[in-house]
1. Looking at this structure, is A:Gln174 polar (S, T, N, Q), in contact with a His (Cβ under 6 Å, 6 or more places away or on another chain) and part of a helix (DSSP H, G or I)?
2. Against the condition within 14 Å of chain A (Cβ to nearest Cβ), in contact with a strand residue (DSSP E or B) (Cβ under 9 Å, 6 or more places away or on another chain) and outside any loop (DSSP other than H, G, I, E, B), how does B:Leu144 come out, does it pass?
3. Filter the range B:157-176 for residues that are closer than 18 Å to B:Asp202 by Cβ and crowded, with 17+ Cβ neighbours inside 10 Å and give the result.
4. Looking at (1) touching a Gly at 6+ places or on another chain (Cβ under 8 Å); (2) more than 21 Å from A:Thr179 (Cα to Cα); (3) of a type in the set (Asp, Glu), which is the only condition B:Glu116 fails?
5. Within the range A:112-132, does at least one residue satisfy the condition of being within 14 Å of chain B (Cβ to nearest Cβ) and of a type outside the set (Val, Ile, Thr)?
6. Mind checking which pairs have a first residue in the range A:56-76 that is within 16 Å of A:Pro239 (Cα to Cα) and a second that is of a type in the set (Lys, Arg) and in a helix (DSSP H, G or I), Cβ under 6 Å, 6 or more apart or different chains?
7. Filtering the range B:125-139 down to residues that are within 26 Å of B:Ala197 (Cβ to Cβ) and touching a helix residue (DSSP H, G or I) at 6+ places or on another chain (Cβ under 6 Å), which residue is farthest from the other protein chains (Cβ to nearest Cβ)?
8. Assess whether B:Arg297 counts as being surrounded by fewer than 16 Cβ atoms within 10 Å (Cβ to Cβ), touching a strand residue (DSSP E or B) at 6+ places or on another chain (Cβ under 7 Å) and basic (Lys, Arg).
Amino acid sequence: MKLPRLGTWAYYGIVGATLAFVVAPLLAVIWVSVFVNKIIGFPPTGYTLKWYANAWALVDFREGFLLSLQLALLATAIGLAIGVPAALALARARFRGKAFISTLLLSPMMVPGVVAGSGVYLYFIQIELLSGVQLAATLPGLIAAHVVIVIPWVVRLVTTALLSVSENVEEAAQNLGATPLQTFWRVTLPIARPGLVAGALFSFIVSFTDLEKSLFLVGPGRTTLPIAIINYLEWNLDPTIAAVATVQIFIIGLALVISDRYVKLSRAF
Amino acid sequence: MSYIEFHRIEKRYGSFHAVSDFALSLDKGELVALLGPSGCGKTTTLRMLAGFVPVSGGRITLGGKDITELPAHRRNIGMVFQGYALFPHMTVAKNVAFGLEMRRLNREEIELRVKEALSRVRLEAFADRLPKQLSGGQQQRVALARAMAINPDVLLLDEPLSALDARLRHEVRAEIRQLQRELGLTTLIVTHDQDEALSMADRLVVMNKGRIEQVGSPAQLYEEPSNRFVAEFMGKTNFLEGRREGPADFRTTHGSLLKSSGDGPAAASCLSFRPERARMVPVDASDEPNLNTLEARVQLFTYLGSVVECRLESSTGQPLLVTRANTSGVQRAGLTEGARVKVRWSPEDSRLLA
């Protein structure tokens, strides 16, 4: 009877330590964001919310936040519009070169962000030299780059979800009189919804927090939030950074909680 | 004019012939079973009628109309899938209503017909449940209700009972048969289980390697199989190899001379008889020249409940199988392993096959 109990304690100990390792930095950031001292030191002499006001007052943060939000939403929408049909083809159709296309669509996930970012930058410059259309340092260019970051997530998660929809069920719908399109909207999509929501959510998060790829593509007066944070850190180290990071944590947390209310995300993996 | 007609249907996948030269007609209200081992083409045939598999050759007509090229969703055919294929995100009522919504019926009518369909399978109380909250048998009945709610021209059942346990299978079998009769639904059922086919169908179609082996009533197929494959597939049987030596005479390769009914091909190479048509009598019983008799030794005695089964070997080395109803005398009949007996059966029960 003694050994199993020891095992149980060890189990809880390891789980607790792992959890602490993940959560502690987040809690520390949130804690620091309300320190009154400009120079971060322990223990703080008092608490304040002025750093949040300060962050909002700084134009780089405010506009960076709005740009990142806009970018993440647009990239996710476009990523879904492209990625869902692609996932459908990968999950259902049989064609030559399917494995190759599947790998191609997932490849942005495997290439380091800095490499991909510089690649996209050079590509944009080439296009500009050839056609005179400027893409680098513009919003459309940034959106295009983020769509590329987002697509592997959509394709991966939606394909998995679609593969879990049995073809028999789709046939049953057609047997009952549903056209292929009605079958997709009324049967396939609702069953695959957890994967779809998870795909959209992860798209939003990877776009919203992307640093490396955007680094090459932002222009003067057009900075995303992660880059604004890096820029600020170069010259300052005060709790404003912690306040900005806290806001970011809460937005992502909120997205997770809201989507979990509508679909059990655990079903998507 | 028959209701459904397969005009020499064919299905090829590359050089593989999944179904060849399939010709069959079904009358209205008839229940026909496609029977055969897995891979014999029975499911492919069913799916061609449903419109999920395009045919490579031939035509299918339904009520005189050619439906060969009609897409699945425009054929008014109800199907119960193997594994049921219920919509997991919809309640039972929504599942049943789906086909009616696709037909754009008004809400009151849909509600009425869903209720009617569910009461037919005794599931009114489960209308608001999700499929995963139901047992296998209940899901099966939902699938049946869903397929019948659309008033289909034909009902297709693909291995409808394979996921149920043995006791439930008997129950559902009878239930499907009764509903089908009541509604006069023309029904095609695919199964690999010969018991299921025998007990449910008006007519059976035995298939093998993409071709029809024989079509007939359950009794015809069991009593008068046209070849070895059908005889073997339709339950247990004895095959004695040999050759024909006259109108009714048959000489086995083991040297015994046996008599048959005289039917069957001239070049018959085997005589078959069903194990329940033979009797075992004491080895010293008097001769009966009108019957076939082989002396044999009991090798294995198997108790199967309602019947007992004896595996024997004749004195010439021929393996035999004989079953007997488990009547009160059986236990004391001396049929212990090693016992010597005479196996006796009538020439009328002996069928010559190629």
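The values are calculated or read from the model by the stated rules, or taken from the named source; none is laboratory data. Source: prediction; values computed, not measured. Heads up, the Cβs are rebuilt from the backbone with ideal geometry, glycines too, and the neighbour counts pull from every protein chain shown.
1. yes
2. It is true that B:Leu144 is within 14 Å of chain A (Cβ to nearest Cβ), in contact with a strand residue (DSSP E or B) (Cβ under 9 Å, 6 or more places away or on another chain) and outside any loop (DSSP other than H, G, I, E, B).
3. B:Leu157, B:Pro160, B:Leu161, B:Arg173, B:Glu175, B:Ile176
4. Going through the list (1) touching a Gly at 6+ places or on another chain (Cβ under 8 Å); (2) more than 21 Å from A:Thr179 (Cα to Cα); (3) of a type in the set (Asp, Glu), B:Glu116 breaks only (1).
5. no
6. Going by the 6 Å Cβ cut-off, the qualifying pairs are A:Trp56/A:Arg62.
7. B:Gly137
8. When the stated conditions are applied, B:Arg297 passes them.
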